[in-house]
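Following: one structure in structure tokens, then a few remarks.
Just so you know, all these numbers are worked out from the coordinates, no wet-lab data involved. As the structure is a prediction and not an experimental result, all values here were calculated from the model. Positions of Cβ are generated from backbone atoms using ideal geometry, with glycine treated the same way; all protein chains shown enter the neighbour counts.
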Amino acid sequence: MLKNIPSIVGPELLKILSEMGHSDEIVIADGNFPACSLNSNVIRLDGHNCPEVLEAVLKLLPLDPYEQNAFLMQVVPGDNVATPIWETYEKIATIGDSNFKGFDQIERFAFYERTKKAYAVITTSEKALYANIILKKGVI
């Protein structure tokens, strides 16, 4: 056990967050996301949801202060779904890191391509649609 580490952050995730360098990206993925087919570095946090993972990660991971540092998967045109979870993310990220610049939206397949280049993907059991996030690491 370590002090001041959120209990949701196990040794594997702590190692990944520590290994990441400036400008590396990490994806927090909902339960529908094809994580394993897009990236070989997958950390499973089954039974947890995206907001609690986002909150825990932001206690440890500094966001990049120099460029856009947080991204959401854009709703596919014609898909009439609400995304109330985005408001939750906005609140968590605003409190979690003063470098948070708001969320940019990335088209679905561009988001998949970016995931392939991400350092890692954290999978969750989140059921909300369009709940996937990419965070860009900064410096301390």
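Can you grab the distance from the C-alpha centre of the range 29-55 to the C-alpha centre of the range 77-140, Å, no decimals?
Computed from Cα coordinates, the inter-centre distance equals 11 Å.
Treat the count of other C-beta atoms within 10 Å as a stand-in for reagent exposure and order Met20, Met1, Met73 from fewest to most.
Fewest-to-most ranking of Met20, Met1, Met73: Met1, Met20, Met73.
Using label points projected 7 Å from each Cα along Cα→Cβ, tell me how many nm separate Asn41 and Glu90, to one decimal.
3.1
Once the Cα atoms of helix 108-117 and of the chain are each reduced to a long axis, what angle between those two axes, in degrees from 0 to 90 to the nearest 10, is obtained?
The answer is roughly 30 degrees.
Please name whichever of His22, Phe109, Ile95 sits farthest to the positive end of the charge dipole of the chain, dipole taken about the Cα centre and charges placed at Cβ: Lys and Arg +1, Asp and Glu -1.
Final value for the positive-end residue is His22.
Between Ile122 and residues 5 or more places away or on another chain, which pairs have amide H atoms under 5 Å apart, with H built 1.01 Å from N, and which residues are they?
So Ile122 has HN proximity to Val27, Ile28, Ala29, Ile43.
Counting each DSSP H run of 4 or more residues in the chain as -39500 (n - 2.57), what helix-only mean residue ellipticity at 222 nm follows after dividing by all residues, to the nearest 500 deg cm²/dmol?
-9000 deg cm²/dmol
Which of Asp64, Asp104 has the fewest other C-beta atoms within 10 Å, and how do the rest follow up to the most?
On the way: Asp64 20, Asp104 12.
Ranked by crowding around the Cβ, least crowded first: Asp104, Asp64.
Taking only Cα atoms and a 10 Å spring cutoff, compute GNM fluctuations for the chain and point out the largest among Ala93, Ala56, Ala110.
Ala110
Return a single number: how many Lys pairs in the range 23-136, at a sequence separation of 8 or more or on separate chains, have alpha-carbon atoms below 18 angstrom apart.
So the count works out to 8.
In debye, nearest 20, what is the charge dipole magnitude of the chain about its Cα centre with +1 on Lys and Arg Cβ and -1 on Asp and Glu Cβ, if you could check?
Charge dipole of the chain: 260 debye, to the nearest 20.
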